[in-house]
Amino acid sequence: MKKRANFAAWVGAIAIFATISGCATRPDANPVDPWEPMNRSIYGFNQSVDDAVLRPVATAYVKHVPEPVRIGTSNFFSNISEPWNFINNILQGRIRNAGETLTRFSLNTVFGVFGLADVATDAGIERHSEDFGQTLGVWGVPTGPYLVLPLLGPANMRDGPALIVDYAANPVLQLDSQAAQNTLALLLFVDRRALLLKTGNLLDEAALDKYSFSRDVFLQYRRAAIRDSNSNAKAVDEERYDLNP
Amino acid sequence: MWHGANTHEQNERTDMNRRFFAQLFGRGAAALALASSALVLAMPAAAADEAADAMIKRLSTEVLETIKGDKAIQAGDMSKVITLVDTKIMPNVNFQRMTASAVGPAWRKATPEQQKRLQDEFKILLVRTYSGALAQVSDQQIVVKPLRAAAEDTEVLVRSEVRGGVDPIQLDYRLEKTPGEGLGWKIYNLNVLGVWLVETYRSQFASEINAKGIDGLIATLQTRNQSNAKKS
């Protein structure tokens, strides 16, 4: 309870600070990222923490922990997030996906031994990951300005606070023992960072400016995750710079 | 430091954040996604033009099989992958259109030499990125969705999905009809998990051009390519 309140306070503080600094936005500010100066510094901070701590730990994890154990760990954490996926799918009206999520959870928990093995994917049942921020998006809540959260990375004014709801729903938080909670949380954290080691390298190579690259990728990804998948079909009439006018 | 803040919440948030990145680039699935934006092995020159979706399906499958079957690539031979991408894949991409679209209005102000250099450097960057992703392919499958286009459309959207990883990865292509040229269709944009390649690089290039002009952009690309090459 106390920790959720602390987090809420943290997000609230950022919101207030961001609003105040937003009022002092430069006239040439990017319309999708009016708080860019603040976001850039937080991004820079996140990168240095990542370089100093997270990346080395995740690299060591990959190096010393056998792959089946790592896969089992990833599967376990994915599985315990399925009930929340289910609820969000229902809230978004994606009934069929909700049904599949429930099937996945049952199959993986029982036949997959508490989620260690992802038998549902092998059986051809897709994952339908939905978080509360996406639910709010489907309900029509606008995202608000882009935001980089300390240590947590890209977000926006809608999804940041929505995280509070996501966290409250995470089974890891329901455990009684604080030590168990911390251990599992740490493991989850390292597991996810390990999955992203190659991503980090790719980002280093492909992006001219990592900050704006990760921002634009994040924004497009979140928009697409909420939208009807068919809305991609219509080609926007683009100006053809390669042809002579 | 914010001592009171909860690591669990951080981790869950990281979870969502990381999950999308993991999907976007993780393991081999997205590798394949980037890779299969291209076309493959030698095709008979006089082949009749295929439907765009049939072409993508055939070529994606062929790329997949090549990567999976080549021991050197599976062992991590990057130079082999780069050669594969360069010679087999890139000829089926309308790279000029892709580069011009990413550069935007400044393209018209660039001299032909600048345009050529932009194209060359951008191509090296993308080949390198694709190859890095391709090298991670292991056992993914491509499923191409039915084409929703009229027969006379000269620009189409082909939707596909990469399966075999944690989550399926959406992979879409925009192709333009090039009758008589190559395989009859050329790719000019690519979408992975809702993210369009050209749009993403548009803002990357725009800030470079605003700060340093076209020559500045060319120099930045060149520096990046050189440092990437040193890594392999």
### Query
Is it fair to say A:Val113 is more than 13 Å from every other protein chain (Cβ to nearest Cβ), assigned to a loop (DSSP other than H, G, I, E, B) and either of a type in the set (Gly, Ala, Ser) or on the phi > 0 side of the Ramachandran plot (or both)?
yes
### Query
Can you name the residue in the range A:60-83 that is closer than 19 Å to B:Asp167 by Cα and among the aromatic types (Phe, Trp, Tyr) and, of all such residues, is nearest to the chain's Cα centre (by Cα)?
A:Phe77
### Message
Being at pLDDT 90 or above and among the polar types (S, T, N, Q) narrows it down to one residue among A:Thr19, A:Thr103, A:Thr25; which is it?
### Response
A:Thr103
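Give the residue, chosen from A:Leu136, A:Leu219, A:Leu186, A:Leu149, that is over 14 Å from the mean Cα position of the chain (by Cα) and surrounded by 16 or more Cβ atoms within 10 Å (Cβ to Cβ). If you could, list the steps in order and put the result at the bottom.
Working: A:Leu219 fails: over 14 Å from the mean Cα position of the chain (by Cα); A:Leu186 fails: surrounded by 16 or more Cβ atoms within 10 Å (Cβ to Cβ); A:Leu149 fails: over 14 Å from the mean Cα position of the chain (by Cα).
Among A:Leu136, A:Leu219, A:Leu186, A:Leu149, only A:Leu136 is over 14 Å from the mean Cα position of the chain (by Cα) and surrounded by 16 or more Cβ atoms within 10 Å (Cβ to Cβ).
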### Message
Can you say whether A:Leu147 is among the aliphatic types (A, V, I, L, M), under 24 Å from A:Phe76 (Cα atoms) and touching a Phe, Trp or Tyr at 6+ places or on another chain (Cβ under 8 Å), as far as the supplied structure shows?
### Response
no
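Which members of the range A:119-148 meet the condition of being polar (S, T, N, Q) and not in a helix (DSSP H, G or I)?
In the first step, residues of the range A:119-148 are kept if they are polar (S, T, N, Q); the result is A:121, A:129, A:134-135, A:143.
Within the range A:119-148, A:Ser129, A:Thr143 qualify.
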#### Entry: Selection within the range B:193-203 - touching a residue at least 60 places away in the same chain (Cβ under 8 Å) and over 13 Å from the mean Cα position of the chain (by Cα)
B:Arg202
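A quick yes/no check of all residues on (1) more than 9 Å from chain B (Cβ to nearest Cβ); (2) of a type in the set (D, E, K, R); (3) more than 24 Å from A:Val32 (Cα to Cα):
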{"site": "A:Thr135", "(1), (2), (3)": "yes, no, no"}
{"site": "A:Val138", "(1), (2), (3)": "yes, no, no"}
{"site": "A:Leu151", "(1), (2), (3)": "no, no, no"}
{"site": "A:Pro171", "(1), (2), (3)": "yes, no, yes"}
{"site": "A:Ala179", "(1), (2), (3)": "yes, no, yes"}
{"site": "A:Asp242", "(1), (2), (3)": "no, yes, yes"}
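Out of B:Ile187, B:Ile214, which single residue is under 24 Å from B:Lys109 (Cβ atoms) and modelled with pLDDT of 90 or more?
On the way: B:Ile187 fails: under 24 Å from B:Lys109 (Cβ atoms).
So the residue among B:Ile187, B:Ile214 that is under 24 Å from B:Lys109 (Cβ atoms) and modelled with pLDDT of 90 or more is B:Ile214.
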### Query
Before we move on, is A:Arg158 in contact with a Ser or Thr (Cβ under 7 Å, 6 or more places away or on another chain), of a type in the set (Lys, Arg) and over 17 Å from A:Trp84 (Cβ atoms)?
yes
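From B:Leu125, B:Leu190, which residue is surrounded by fewer than 21 Cβ atoms within 10 Å (Cβ to Cβ), touching a residue at least 12 places away in the same chain (Cβ under 8 Å), out of contact with any Asp or Glu (no Cβ under 7 Å at 6 or more places or on another chain) and of a type in the set (A, V, I, L, M, F, W, C)? Walk me through how you get there before you give the answer.
Details: B:Leu190 fails: surrounded by fewer than 21 Cβ atoms within 10 Å (Cβ to Cβ).
Sole residue among the options that is surrounded by fewer than 21 Cβ atoms within 10 Å (Cβ to Cβ), touching a residue at least 12 places away in the same chain (Cβ under 8 Å), out of contact with any Asp or Glu (no Cβ under 7 Å at 6 or more places or on another chain) and of a type in the set (A, V, I, L, M, F, W, C): B:Leu125.
I'd like to check something: does the range B:195-202 contain any residue that is hydroxyl-bearing (Ser, Thr, Tyr), at the interface with another protein chain (Cβ under 10 Å from one of its Cβ atoms) and buried (at least 17 other Cβ atoms within 10 Å of the Cβ)?
As a first pass, look at the range B:195-202 and keep what is hydroxyl-bearing (Ser, Thr, Tyr): B:200-201.
Right, trim to at the interface with another protein chain (Cβ under 10 Å from one of its Cβ atoms) and you get B:200-201.
Filter once more, keeping what is buried (at least 17 other Cβ atoms within 10 Å of the Cβ): B:200-201.
Yes.
Surrounded by fewer than 21 Cβ atoms within 10 Å (Cβ to Cβ), hydroxyl-bearing (Ser, Thr, Tyr), modelled with pLDDT of 90 or more and over 14 Å from the mean Cα position of the chain (by Cα): is that true of B:Thr111 in this structure?
yes
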### Query
Mind checking which residues of the range A:92-116 are in contact with a His (Cβ under 6 Å, 6 or more places away or on another chain) and under 13 Å from A:Ser78 (Cβ atoms)?
A:Thr101
### Task
Keeping to the range A:98-133, report how many residues are under 15 Å from A:Trp84 (Cα atoms), of a type in the set (A, V, I, L, M, F, W, C) and crowded, with 22+ Cβ neighbours inside 10 Å.
1
### Task
Take the range A:169-182 and flag every residue that is assigned to a helix (DSSP H, G or I) and buried (at least 17 other Cβ atoms within 10 Å of the Cβ).
A:Ala169, A:Val172, A:Leu173, A:Gln181
### Cross-chain or 6+ apart pairs with Cβ under 7 Å, the range B:90-116 first and more than 9 Å from chain A (Cβ to nearest Cβ), then among the hydroxyl-bearing types (Ser, Thr, Tyr) and in a helix (DSSP H, G or I)
B:Ala102/B:Tyr201
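Does B:Ile82 meet the test of being of a type outside the set (D, E, K, R) and away from chain A (no Cβ under 14 Å)?
Numbers: of a type outside the set (D, E, K, R): yes; away from chain A (no Cβ under 14 Å): no.
Considered against the rule, which asks whether it is of a type outside the set (D, E, K, R) and away from chain A (no Cβ under 14 Å), B:Ile82 comes out as no.
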### Task
Identify the residue in the range B:120-143 that is more than 22 Å from B:Ser160 (Cα to Cα) and facing chain A (nearest Cβ under 10 Å) and, among all such residues, is modelled with the highest pLDDT.
B:Leu125
### Query
Given the conditions (1) within 19 Å of A:Pro34 (Cβ to Cβ); (2) under 13 Å from the mean Cα position of the chain (by Cα), and given that A:Arg192 satisfies all but one, which numbered condition is not satisfied?
(1)
#### Entry: Where B:Ala135 falls short, out of the listed (1) in contact with a Gly (Cβ under 7 Å, 6 or more places away or on another chain); (2) surrounded by fewer than 16 Cβ atoms within 10 Å (Cβ to Cβ)
(2)
### Task
Give, as residue ranges, the strands (runs of 3 or more DSSP E) completely inside the range B:125-232 that count at least 2 residues that are among the charged types (D, E, K, R).
B:155-163, B:169-177
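The values are calculated or read from the model by the stated rules, or taken from the named source; none is laboratory data. Nothing here was measured: the structure is a model prediction, and the numbers come from that model. Cβ coordinates were reconstructed from backbone atoms using ideal geometry, including for glycine residues, and neighbour counts include every protein chain displayed.
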